[in-house]
Amino acid sequence: MVLNCEDASGRLVWNDELSVGIWMADSDHQEIISLINQVLDAMAAKETDVRLSRRLDELIVFAKQHFQREEELFVRYDYPELRSHREVHRFLENKIMSYKNAFLAGEAELSQTAFLLKDWIVLHIRGVDKKYTRFLHSRGVA
Ligand SMILES: [Fe+2]
Ligand SMILES: [Fe+2]
């Protein structure tokens, strides 16, 4: 499957289709995409496991901070889907840890790991994050 937010080399490219219309989230999502691209570049360049692990950790740390920021907004504005969205975030955190461990253990192909990373965030933005746009806009969050 080819995502339409990929360029010919397989790097993720931000486009309006990914915008959730909330400044904080869009800027965080762009940073996550940039960190994923750095991981993909490092994999393509066959960097050492230590370096790859460090890059994956940077992505994991930032993604956790982003999930936290979204959840704080949900709590502040009493978003009705807070619980289910929070559960998805915890699921994604576990998933990315398992990708990291599988890749570093040599149990996952490079192409498979790259695809999973892209799928991991793009599907979440399009399928889950976009659901909060209308609600947060109605509460005056831009
Ligand atoms: Fe998000
Ligand atoms: Fe989210």
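The values are calculated or read from the model by the stated rules, or taken from the named source; none is laboratory data. This one's a predicted model, so the numbers in the text were calculated from it and none came from an experiment. Here the Cβ is made from the backbone with ideal geometry for all residues, glycine too, and neighbour counts use every protein chain on show.
Residue check: is residue 31 of a type in the set (D, E, K, R), closer than 22 Å to residue 10 by Cβ and away from ligand 2 (no atom under 16 Å from the Cβ)? Spelling it out, it is not the case that residue 31 is of a type in the set (D, E, K, R), closer than 22 Å to residue 10 by Cβ and away from ligand 2 (no atom under 16 Å from the Cβ).
If you go through the range 6-27 and keep only what is more than 16 Å from ligand 2 (Cβ to nearest atom) and out of contact with any helix residue (DSSP H, G or I) (no Cβ under 6 Å at 6 or more places or on another chain), you end up with 6, 7, 8, 9, 10, 13, 15, 16, 17. Listed by first and then second residue, the pairs with beta-carbon distance under 8 Å, at least 6 apart or on different chains, first residue in the range 102-122 and closer than 14 Å to residue 53 by Cα, second at pLDDT below 85 and buried (at least 17 other Cβ atoms within 10 Å of the Cβ), are 102/113; 103/113.
Only one of the listed residues (64, 46) is within 11 Å of the chain's Cα centre (by Cα), without any contact (Cβ under 8 Å) to a residue 40 or more places away in the chain and surrounded by fewer than 16 Cβ atoms within 10 Å (Cβ to Cβ). That residue is 64.
Pairs linking a residue in the range 3-18 that is closer than 17 Å to residue 41 by Cβ and free of Cβ contacts under 8 Å to residues at least 40 places away in the same chain to a residue that is among the charged types (D, E, K, R) and assigned to a loop (DSSP other than H, G, I, E, B), with Cβ atoms under 6 Å and 6 or more positions apart or on different chains, are 13/7.
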